[in-house]
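S.K.: Before I ask anything, let me first share the structure, which is written out below as structure tokens.
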Amino acid sequence: MENTIIINEELMASKSRRFIAFALDYLFIQSLYFSYVYFIENTTFWDYLDKDFDIFDVLTGCVIALVYGAVVYPIFSGNLGHRIMGIKVVNFDGKSNFNKFYEGAFREFIKDICIVLIFPNLWILFDKNNQNIYDKLFKTIVIKRI
């Protein structure tokens, strides 16, 4: 049985609004990561790009995403990009906000995995409910803030 949305279609966030929120959030997380690289590892951006692949860098990025999700989801019912674009994440019933720290951390972690895999991010282009794979996994929907 397919999930049906009980939210008015005018309340759903558009694909373009979600994409801009995603891009803003991605830039913010990358700035956090490169701040870590610069201040903690004492490495410049260009030196960082010249070095060999290190699994520690991937793990550091995952930890930053987990902490970021745990901090911002309870505050904004979504991430910083969602807040700037005037949208928020709610549970599929459309009534309760998606704002527990562990839910936000795990959702952000899964979203980062989807970035690496690329295809899950393209899913939203073909979904009639404007949901991404991780939205379906967590039974959430992104709506406009009222």
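The values are calculated or read from the model by the stated rules, or taken from the named source; none is laboratory data. Bear in mind the structure is a predicted one, so any value in this text is a computation, not a measurement. We place every Cβ from the backbone using ideal geometry, glycine too, and count neighbours over all the protein chains shown.
S.K.: Filter the range 135-146 down to the residues that are of a type in the set (V, I, T) and surrounded by fewer than 17 Cβ atoms within 10 Å (Cβ to Cβ) and list them by number.
M.R.: Correct list: I146 only.
S.K.: Under the condition of being assigned to a strand (DSSP E or B) and not hydroxyl-bearing (S, T, Y), which residue from the range 108-144 is farthest from C62 (Cα to Cα)?
M.R.: Ranking the qualifying residues of the range 108-144, first place goes to K144.
S.K.: How about the range 1-82: which helices (runs of 4 or more DSSP H) wholly inside it have at least 2 residues that are aliphatic (A, V, I, L, M)?
M.R.: Filter on the range 1-82 gives 15-39, 55-76.
S.K.: Name the pairs: first residue in the range 21-42 and touching a residue at least 40 places away in the same chain (Cβ under 8 Å), second residue part of a helix (DSSP H, G or I) and polar (S, T, N, Q), Cβ to Cβ under 9 Å, at least 6 apart or on different chains?
M.R.: F22/N121
S.K.: Okay, moving on. When you look at Y48, is it hydroxyl-bearing (S, T, Y), over 17 Å from K139 (Cβ atoms) and surrounded by fewer than 18 Cβ atoms within 10 Å (Cβ to Cβ), yes or no?
M.R.: In short, yes.
S.K.: Do we find a residue being under 20 Å from F109 (Cβ atoms) and surrounded by 17 or more Cβ atoms within 10 Å (Cβ to Cβ) anywhere in the range 11-20?
M.R.: The answer is yes, given that some residue of the range 11-20 is under 20 Å from F109 (Cβ atoms) and surrounded by 17 or more Cβ atoms within 10 Å (Cβ to Cβ).
S.K.: Scan the range 15-40 for residues that are of a type in the set (S, T, Y) and either modelled with pLDDT of 90 or more or closer than 14 Å to L80 by Cβ (or both) and jot them down.
M.R.: Those that are of a type in the set (S, T, Y) and either modelled with pLDDT of 90 or more or closer than 14 Å to L80 by Cβ (or both): S16, Y26, S31.
S.K.: Output the number of residues of the range 65-84 satisfying the condition of being touching a residue at least 60 places away in the same chain (Cβ under 8 Å) and either over 20 Å from C114 (Cβ atoms) or touching a helix residue (DSSP H, G or I) at 6+ places or on another chain (Cβ under 6 Å) (or both).
M.R.: Selection size over the range 65-84: 3.
S.K.: Can you say whether G69 is over 21 Å from S16 (Cβ atoms) and crowded, with 22+ Cβ neighbours inside 10 Å, as far as the supplied structure shows?
M.R.: The answer is yes for G69.
S.K.: I want to confirm something. Restricting to the range 91-100 and keeping residues that are without any contact (Cβ under 8 Å) to a residue 60 or more places away in the chain and not charged (D, E, K, R), which single residue is surrounded by the fewest Cβ atoms within 10 Å (Cβ to Cβ)?
M.R.: So, considering only residues that are without any contact (Cβ under 8 Å) to a residue 60 or more places away in the chain and not charged (D, E, K, R), the one surrounded by the fewest Cβ atoms within 10 Å (Cβ to Cβ) is S96.
S.K.: Of the residues that sit in the range 101-134 and are surrounded by fewer than 19 Cβ atoms within 10 Å (Cβ to Cβ) and polar (S, T, N, Q), which one is nearest to the chain's Cα centre (by Cα)?
M.R.: N121
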